[in-house]
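Engineer: Pasting a structure below so you can have a look.
The values are calculated or read from the model by the stated rules, or taken from the named source; none is laboratory data. Predicted, not measured: the structure shown is a model, and the values here were computed from it. Don't worry about glycine lacking a Cβ; one is built from the backbone with ideal geometry, like all the others, and counts go over all protein chains shown.
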């Protein structure tokens, strides 16, 4: 009978640790997604401003060469910013995955030890 109580207590302990790890992981994931959303909002805002600025410059052009120059500068800047943003978002997603997995890793380490 005492052995059954020990098994029950151990089960409750493991269940609580798993639940706590899941809650902590959810909180970490939530923080990560909020940061990613804020980053994307800033990127989209900047992109919209750059498009608007390029369009305003194109409206006032006096020659085809000037229009091509404006379009080329905009395309290069947009591409460079896109590549930088994708790289930054990739790092943010990796960080999110690591921080969300960390509570489970810690809980598993406690169980094994």
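Engineer: For residue 99, indicate whether it is within 27 Å of the chain's Cα centre (by Cα), touching a residue at least 24 places away in the same chain (Cβ under 8 Å), more than 30 Å from residue 10 (Cα to Cα) and surrounded by 14 or more Cβ atoms within 10 Å (Cβ to Cβ). I'd like the intermediate steps shown before the answer.
Structural biologist: Values: within 27 Å of the chain's Cα centre (by Cα): yes; touching a residue at least 24 places away in the same chain (Cβ under 8 Å): yes; more than 30 Å from residue 10 (Cα to Cα): no; surrounded by 14 or more Cβ atoms within 10 Å (Cβ to Cβ): yes.
The answer is no for residue 99.
Each row is one residue, and each column tells you yes or no for (1) within 30 Å of residue 97 (Cα to Cα); (2) loosely packed, with under 10 Cβ neighbours inside 10 Å; (3) free of Cβ contacts under 8 Å to residues at least 12 places away in the same chain; (4) more than 35 Å from the chain's Cα centre (by Cα).
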{"position": "18", "(1), (2), (3), (4)": "yes, no, no, no"}
{"position": "40", "(1), (2), (3), (4)": "yes, no, no, no"}
{"position": "44", "(1), (2), (3), (4)": "yes, no, yes, no"}
{"position": "70", "(1), (2), (3), (4)": "no, no, no, no"}
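Engineer: Say whether the condition of being modelled with pLDDT under 95, under 14 Å from the mean Cα position of the chain (by Cα) and either under 30 Å from residue 24 (Cα atoms) or surrounded by 12 or more Cβ atoms within 10 Å (Cβ to Cβ) (or both) is met by at least one residue in region 49-60.
Structural biologist: For region 49-60, residues modelled with pLDDT under 95, under 14 Å from the mean Cα position of the chain (by Cα) and either under 30 Å from residue 24 (Cα atoms) or surrounded by 12 or more Cβ atoms within 10 Å (Cβ to Cβ) (or both): absent.
Engineer: Moving on to the next point. Residue check, residue 100 against (1) at pLDDT 95 or above; (2) in contact with a helix residue (DSSP H, G or I) (Cβ under 7 Å, 6 or more places away or on another chain), all met but one. Which one?
Structural biologist: (1)
Engineer: Being over 23 Å from the mean Cα position of the chain (by Cα) and surrounded by 13 or more Cβ atoms within 10 Å (Cβ to Cβ): is that true of residue 66 here?
Structural biologist: On the way: over 23 Å from the mean Cα position of the chain (by Cα): yes; surrounded by 13 or more Cβ atoms within 10 Å (Cβ to Cβ): yes.
Considered against the rule, which asks whether it is over 23 Å from the mean Cα position of the chain (by Cα) and surrounded by 13 or more Cβ atoms within 10 Å (Cβ to Cβ), residue 66 comes out as yes.
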